[in-house]
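A short worksheet on the structure shown next.
The values are calculated or read from the model by the stated rules, or taken from the named source; none is laboratory data. Here the structure is a predicted model, which means the values were calculated and not measured. Here the Cβ positions follow ideal geometry from the backbone for every residue, glycine too, while neighbour counts run over all protein chains shown.
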Amino acid sequence: MSGPRRGRCRSGPRRVSRHRPAQRALLDAGRLIGRTVTVVCDVLNPAVVVVGGRFTEPGAYVIDGVREALQRHRAPRAAAGLTVVRAQLGAEAEALGAVESFL
């Protein structure tokens, strides 16, 4: 198979770390995700939000954006007890979760 793999980020963490517009775009994407997750967090009040899959490949920018949005849009007391972490499974998190749900 030749050519770029579909569904994968073609720019690694090193390339993103040198490209400020890419950093900004990833941080903004994280902020949008975080703003959306805020509603779920307000209903379920979790202690931990886990960010995984392809969103974690370019580095910490997306996770930082999610964390920032949750801190900004949640009540201070609720935000203080919330932790945002990177999934341990990495890019395979979605597929492994789908398989686990069928077992």
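Only residues that are of a type in the set (Gly, Ala, Ser) and in a helix (DSSP H, G or I): list them for the range 67-103, please.
Within the range 67-103, 69, 78, 79, 80, 90, 91, 93, 95, 97, 98, 101 meet the criteria.
Report yes if residue 97 is in contact (Cβ under 8 Å) with a residue 24 or more places away in the chain and more than 29 Å from residue 21 (Cβ to Cβ), otherwise no.
No.
Applying the selection to the range 21-39, what residues are polar (S, T, N, Q) and free of Cβ contacts under 8 Å to residues at least 24 places away in the same chain?
Scanning the range 21-39 gives a single hit, 36.
What are the pairs, 6+ residues apart or on separate chains, where a residue within the range 66-77 that is of a type in the set (Asp, Glu) has its Cβ under 9 Å from a residue that is buried (at least 16 other Cβ atoms within 10 Å of the Cβ)?
Hits for this filter: 68/27; 68/30; 68/31; 68/34.
Considering the range 45-66 alone, what residues qualify as being outside any helix (DSSP H, G or I), farther than 22 Å from residue 95 by Cβ and not polar (S, T, N, Q)?
46, 47, 60
For the range 5-48, name all the residues that are acidic (Asp, Glu) and at pLDDT below 90. Write out each step before concluding.
Our first condition is that a residue be acidic (Asp, Glu); within the range 5-48, this holds for 28, 42.
Listed by number, the list holds a single entry, 42.
For the range 41-59, which residues satisfy the criterion of being under 15 Å from residue 31 (Cβ atoms) and without any contact (Cβ under 8 Å) to a residue 40 or more places away in the chain?
49, 51, 55
Please tell me if residue 50 is surrounded by fewer than 21 Cβ atoms within 10 Å (Cβ to Cβ) and within 8 Å of the chain's Cα centre (by Cα).
Details: surrounded by fewer than 21 Cβ atoms within 10 Å (Cβ to Cβ): yes; within 8 Å of the chain's Cα centre (by Cα): yes.
So residue 50 fits the description; yes.
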